[in-house]
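All of the numbers you see were taken from the coordinates with simple rules; none came from a lab. Since the structure is predicted, the reported quantities are computational estimates derived from the model, not experimental observations. Using ideal geometry, Cβ is built from the backbone for each residue, glycine included, and neighbour counts are taken over all protein chains shown.
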């Protein structure tokens, strides 16, 4: 019941809010925020209880098709469940001081809760078909957040961003569905645990390669993997702050999580054949994202391109075929979730204060007029450039290490070249991070002044800053959680 309630609370509350009406009065907004806050806190408590107790749900749903309601928690999904639940509270708390614009607040908060529900169901699912359905639940409310509550200064850009989001993600979903159905039909089961344990037994090499290719392209759009990333910067630029946070910190993680569950574990031979190309595209994304960040003047768009670069490190770690590489990818996944959430909360607040996110416009130095926002900015970009002692360092460092010493079936020469090129990407990250800090944090300008972070906004930023520091100093908190299940996957692959 704990696990089912963790899914039911955001699903029922979110649906009820959307169906409640279109009242946009201040009192209605306060009520919607309060209801959402209670629901998100209750969901978080249930998720924590689920992670601790590890219940299992396994009930028949479509017996003739072999599809079952199967939900469970392991070390791979637990950190992502906790991250999703925590950010579910954060976006609601932040929205109280930065209310949505462009539509009914009940619809806005309802969409946030439905995104949370879909993400939690995705991370909990142990049936491939249910996994796909849960993944798709997220897309509709996210599209509403972008198209309805996005930046209203440029309606044409908002329409373009929401249209790209739909077209790209639907294409990815179509390829995912074809790959999943082919995998289920060929393996004779939709049970992800059974697929992982079989590790491709009974599937020929050509079959594995074809299925893995379909799934990697479909999930590559969701990650997003270069050159399938072009939908992401417009979506981030236009989306409201809460939408940008959930998109970067939760939705992108669903793509890499899908690679682990649907490709690496059940299709080791097929993934091994495609891993060098997969890793190469990830490294190209690191360079492409870094180069774009060096010249980009829209701060939200800059962070979006940095996400492409950071997810490239995740892809590189996955491609190495080693325990260290998979550990690195899972750590970098969570690290990027924390850092991107911090930066998008911060930049969303700055954009409201400034009226735009244009770096070419002279601003008051944050360290002079708003030290709290300045502190959050320094910590966020220091973590983004991979400064040792902060959360961004460990995943990227271990990903490059794993690429330098890949699994025996990976081409060592190519993987080492990718590792060296990825190091260049970290230098670019330092360059664009210091560029941003020079433009908006340093200096002695004190006008035009604006208020500093306080209340709910500062609470959210402070918690995320603390998470960046704690996981940076004590990475074992996360690495020890995932090691057992990661070892089980990579040990089977090596056989």
> Rg and Dmax of the range 1-158, Cα atoms, in Å?
Replying inline: 16.4, 51
> If you count, for each residue, the other Cβ atoms within 10 Å and average over each peptide, how do 211-219, 358-366, 327-335, 59-67 line up from highest to lowest?
Replying inline: 327-335, 211-219, 358-366, 59-67
> Going by how many other beta carbons lie within 10 Å of each one, how would you line up 98, 236, fewest first?
Replying inline: 98, 236
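Can you give the direction-averaged projected area of the convex hull of the alpha-carbon atoms in the range 339-493, in nm²?
Values: hull surface 43.4 nm².
Averaging across all directions leaves 10.9 nm² for the Cα convex hull.
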>> Working only with C-alpha atoms, what are the Rg and Dmax values of the range 2-494, expressed in angstrom?
In response: 21.4, 70
> For the chain, what is the mean residue ellipticity at 222 nm derived from helices alone (per DSSP H run of n ≥ 4: -39500 (n - 2.57); sum divided by total residues; nearest 500 deg cm²/dmol)?
Replying inline: -25000 deg cm²/dmol
> When you count, for each residue, the other Cβ atoms within 10 Å and take the mean per peptide, how do 406-417, 378-389 rank with the highest first?
Replying inline: 378-389, 406-417
>> Which of 74, 154 has the fewest other C-beta atoms within 10 Å, and how do the rest follow up to the most?
In response: 154, 74
> Which order results if 136, 29 are arranged by neighbouring Cβ count within 10 Å, fewest first?
Replying inline: 136, 29
